[in-house]
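Written below as structure tokens is the structure these notes are about.
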Amino acid sequence: MARLTQDQWRALIDEHAASGQTAMAFCAERGIDNKYFSTRKSQLSKPSNTSGFVAVTTKPTESQSIQLIAGAVQLRIPTGVSAQWLADFIKALV
């Protein structure tokens, strides 16, 4: 099978969803490796513009803060917040 673009994979995944077939049967009919199909489906279901990580930097200032940067969004958090609060906050973002 020729190499497919992301758009072609998305169309194939949508076709599978509409087919009512199991992934194994769908892939067998089309000569696609079932494990690879599953891998591509999983990869493409993740948000494409984020790696899952948020850059965290600290800069010494008069009132020290933690700066979170995700794309064009910047957020400064005072260093006085608890580690648990910060962990819960980051989990809520993901």
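The table below lists the values:
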read-out	value
Segment residue 35-residue 11, extension gain: residue separation times 0.36 nm, minus the distance between their alpha carbons	6.9 nm
Label-point separation in nm, residue 44 to residue 4, each point 7 Å along Cα→Cβ	0.5 nm
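A short reminder: the numbers here are calculations on the coordinates, not readings from a lab. Keep in mind that what you see is a predicted model, and the values were worked out from it rather than measured. No Cβ is skipped: glycine too gets one built from the backbone with ideal geometry, and neighbour counts run over all protein chains shown.
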